[in-house]
1. Here's a check for you: in segment 203-212, which residue that is part of a loop (DSSP other than H, G, I, E, B) and under 15 Å from the mean Cα position of the chain (by Cα) is nearest to Val148 (Cα to Cα)?
2. Looking at segment 440-554, what strands (runs of 3 or more DSSP E) fall wholly within it and have at least 2 residues that are buried (at least 18 other Cβ atoms within 10 Å of the Cβ) and more than 34 Å from the chain's Cα centre (by Cα)?
3. When the residues of segment 378-417 are narrowed to those that are of a type in the set (Val, Ile, Thr) and within 27 Å of Leu355 (Cβ to Cβ), which ends up most open to solvent (accessible area, probe 1.4 Å)?
4. Among the residues of segment 614-645, which ones are outside any loop (DSSP other than H, G, I, E, B) and charged (D, E, K, R)?
5. Taking the criterion of being in contact (Cβ under 8 Å) with a residue 60 or more places away in the chain, aromatic (Phe, Trp, Tyr), under 29 Å from Gln531 (Cα atoms) and surrounded by 15 or more Cβ atoms within 10 Å (Cβ to Cβ), would at least one residue in segment 194-211 satisfy it?
6. Within segment 351-366, can one find any residue that is touching a strand residue (DSSP E or B) at 6+ places or on another chain (Cβ under 6 Å) and in contact (Cβ under 8 Å) with a residue 60 or more places away in the chain?
7. Within segment 115-166, track down each residue that is farther than 17 Å from Asp496 by Cβ and in contact with an Asp or Glu (Cβ under 8 Å, 6 or more places away or on another chain).
8. Could you run through segment 118-129 and say how many residues are touching a strand residue (DSSP E or B) at 6+ places or on another chain (Cβ under 9 Å) and part of a helix (DSSP H, G or I)?
Amino acid sequence: MEKYNPEEIEIKWQKKWEESKLFEAKYKPEKKKFYILEMFPYTSAQIHMGHVRNYTIGDVVARYKVMNKYNILHPIGYDAFGLPAENAAIKQNIHPKEWTYKNIDTIRRQLKRLGISYCWEREVITCDSEYYKWNQFFFIQFFKKGLVYKKKAPANWCPSCQTVLANEQVINGRCWRCGEIVESKNLEQWFIKITEYAERLLDFYGIKNWPERVITMQKNWIGKSEGCEIYFFIPELNEILSVFTTRSDTLLGVTYLVLSPYHPLVEKILKFSQNNKEIEKFIEKIKRKSLTVQDILEIEKEGVDTKIFAIHPITQEKIPVWIGNYVLMEYGTGAVMAVPAHDQRDFEFAQKYNLPIKIVIKNPEWKEIPEKLDKAYEEPGIMINSGIFDGFDSEKGKEEVRKYLEKINKGKKAIYYKLKDWCISRQRYWGTPIPIVYCQKCGVVTEKEENLPIELPYEVKITGRGESPLKYVEKFVKCKCPVCGSDAERETDTMDTFVDSSWYFLRYASKDIKDKPFDKSEVNYWMPVDQYIGGIEHAILHLLYSRFFTKVLYDLGFVDFEEPFENLLCQGMVIKDGAKMSKSKGNVVDPEDMIKKYGADTLRLFILFAAPPEVDLEWSEKGIEGCWRFLNRVWKLHFEVKNYSEQNQENDKKLKIMINRVVKGVTEDIEKEFQFNTCIAKMMEFVNFLNKELSDKKVSRDILIDCWKKFIKILYPFTPHICEEMWKDLNEKNFLFNENWPSYEEIETIEEKISIGVQINGKIRGNIEVSPHLNAEQIYELIKNCEKFKKFIEGKKIINKIYIKNKIINLVLED
C-alpha cells in the first residue's frame, strides 16, 4: 500500500481536471439546469477561512447536482474595483491595477488548489473594461428610463477614506470599511431611483427558500409606513410645512414641530428668524456629523428654537418650530410633528428644552390621567383632550382624523418608505467611470453607446484627497460632446462598486459575448440562480441592489424574470477562540498553511464536518487532525478492499443494507438544507462498520467492491481528490464528476428482524423482535424500554445476561 500523499494526489487531479476542461459549463436548453453560485471574492490579497467555507459548500452542491445529471453552471469571478486598491496604491506605491491583478492571480491559484469545480472559462473580473463597459451601458439605459438623476445632497463622508458612503455603508456612525467616524458633507451626486421599486422589492414572490431573517432585514430596510401627510401653515414664511406621521390620532397633542437641518425651509428661516446666529451655529455643528436612522435612536437629542411659529391645522394654535438633530431629511418629509406625551424621542427633547407635554391618548389601565409622565405612552388607547375625537379608540381615531383633514384640505393619506435613492457617486479613481458629459451648449448628456467603454486612464496620481484623481487627468476630462461635437468635460466621479456586483451573475450566464452584456436566451435558461451562498452581512446591501437591478432589467426587456436568486444560504463565520478571525486578534489560520500540512481534502472535510453550514464554526486543531486521520483510514481501507479475496456471503445482506442506508442518509441530508456535517458522520460510521466486516471476512468480494464504489461516489463531493485516486485505482475510466450518483432501494435499508424468547429468572415472559446483529447488552436495553417486560425488571438488580444468539436471552435478576 502506498502512503497517503495528499499534495501529490491533489495536484495530479487538479491538472487532469483543468486539461480536460471538466467543469466547463455548456448551454444545453434541452437539459435540466442547476446554477450554483457563491458570492465572488473581493480582490484583497488572498482568501481566508470564511472563503474556504463558502466555496467548499458550493462545490459539494455542484458536484452532487452534476452526478444527479443536472447541467451545471458553477462560475467564479472577482469583485475587483474599490477603495482598498487605492489605499494600497498610496501605502505601497503600486498602481491599483497591478495590485488588483496580482491579488487575482493569488486567489485564482488558491481556489484551484482547493479543487473547487469552477467553470474558469466564464471568469469575470469587474475592473476589466470588457465588463465595466456594460456598467456604463446600463447606467445609460437607466438614465433614459428616468431612473438616474443628479442633485446636491448631504453625503456621508469618511474623512479617512476620503469618499462618500451609501447609508448602508455607515454602521453605528462609522465607515463600514475603516471604522472612522463619518461626517456629513453637501455634494453634487448621482442617484439611482431605487425608491420607485420599493413596493416591488417588498414582494418576495419568485423566491423559494431564503432565511426569514434576511427577508425581515430587507423589509425593515425598505421600511414601508402607511399614515397621513399633514399641512401646517407658517405665516411668517408664507409656506406650508408638510409632515408625515403614522400617528394622526395624536395630532391634538402636538406641542412643537421639528425640521431636519437640511430641510429646504431652513434657508428661508435664516432670513426671517430673530435667532439666526444660534441656528447657523447649530447647523454647522450638525453638519460635522453624519447621522443615519440607527444613529438617531442612540444620540442625545439636540435642537435650536427658530422663534418662528406654525398654525395647527385643527385648533389654529401657534406651534413653535424647532430644528433638531434627530430628524432625517431622507425619511418622510424631513419634518416631524412632535407629540412628547406619545413618542419617546419627542419626550426626551421636550424635557431637555422644557417644552409642553400634552396627553391625548389614555392608557386603558390608568384609573386617572397622570399629571406628569415618567416616559412617553406609545401604545394604543382612548383619545382624550382631542375635541370632536374624544372617546375614539386610537386605532380608529387615526382614520377619523385623516378623513377630517382631507375634508378641510389640511392633509391626505400617504405612504412613505425608509428606503432612499441609491447614491452611486464616488470621488475615487478605481471604479467605473460614469458615462456623463458636460457640454456648455447641450448641458448634461450621456455618452454615445458606441463610444463605450469610457476607460480609466492608467497614468494617474492617487493622493487620497477628497476629489477624484480623475479631475487632474486632462486627457480623460477633456472630450467632445456626443451630441453637438463641441468641447466638453467628462464626469469624474466613478460608480459605487455595488453596481458591479448587482448583475455579475448575469454576465456569467453568457460565454464569449462581446457586443452585448449577455445573451438573453442563454441567461433565461440559466437564471434565476438556483442556489446562492454568502454571508449574512450582505443581506441588505448586495442582495437588495441585485434584486432591484434585475427588476429594472426585466422592465427594460433584457430578461424574462424578476428575482435573481431562488434559494439563499447564509453560511456562518469561521471563528477561533470564540472570536472572528482577524490579524489584530492574532487568531488567523491561513488556509495555505493547512493545505500544506494536511491537504485540501482534509481542510474541506473539516470545514464541512465541524458545524452545519448556517452556524458559526469554531476552528479546532484537534478537529482537523481527526479529519486527517479519517482520510488516512479511508486510504488504508481502500487497499484492504482492493486486495480482499474472500467469497464468504454470510454478511453480504448486512453490508448491502448498510451501504443503502448511508447512501439514503447522505442523499437526504444534502437535499435537506445541506446538512453536510451529518452526511460525514454517517460516512464515518460506515467506515467503522466496514473495517469490522473486513476483519471478520464474512462478505464476498464482488459485493464488497460494489459497496465500496458507492461509498467513494458519495464521499467524492466532499473530498474529490482522494476519491478520484481510489476510483482510478479500481480501474474505472471516467472522472467521478461524470458518474451517476448512487441510487438506493428503500427495501434494502430495512434490516430484517428475528423473534427471540425473553426468559427472566428461568421463566419465559414473552418474545421480542431484534436485529440479528445485536449483542446481549443491546438487547437488554431494548427489553428495559419495552412495556410488557418493565414490571418484571423494574427496581431489580441485574446479575447476569445469557444470550443464545438469535434464539433466547435469559436475564438473571436479584430477588
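The values are calculated or read from the model by the stated rules, or taken from the named source; none is laboratory data. These numbers come from a predicted model, not from an experiment. Here the Cβ is made from the backbone with ideal geometry for all residues, glycine too, and neighbour counts use every protein chain on show. Each accessible area value is taken on the protein alone, full model and side chains, heavy atoms only, with ligands, DNA and RNA left out. Shrake-Rupley method; radii C 1.70, N 1.55, O 1.52, S 1.80 Å.
1. Within segment 203-212, the match that is nearest to Val148 (Cα to Cα) is Ile207.
2. Ranges flagged: 487-490.
3. Residue satisfying both the conditions and the ranking: Ile388.
4. Taking segment 614-645 as the starting set, the residues that turn out to be outside any loop (DSSP other than H, G, I, E, B) are 617-618, 621-642.
Glu618, Glu621, Lys622, Glu625, Arg629, Arg633, Lys636, Glu640, Lys642 - these are the residues of segment 614-645 that are outside any loop (DSSP other than H, G, I, E, B) and charged (D, E, K, R).
5. The answer is yes; a qualifying residue exists.
6. Here is the first cut: in segment 351-366, the residues touching a strand residue (DSSP E or B) at 6+ places or on another chain (Cβ under 6 Å) are 355, 362.
Keeping just the survivors that are in contact (Cβ under 8 Å) with a residue 60 or more places away in the chain gives 355.
Yes, the conditions are met somewhere in segment 351-366.
7. Answer for segment 115-166, where residues must be farther than 17 Å from Asp496 by Cβ and in contact with an Asp or Glu (Cβ under 8 Å, 6 or more places away or on another chain): Gly115, Ile116, Ser117, Cys119, Trp120, Glu121, Ser129, Lys145, Lys152, Pro159, Ser160.
8. Taking segment 118-129 as the starting set, the residues that turn out to be touching a strand residue (DSSP E or B) at 6+ places or on another chain (Cβ under 9 Å) are 119, 122-127.
Adding the requirement that they be part of a helix (DSSP H, G or I) leaves 122.
So the answer is 1.
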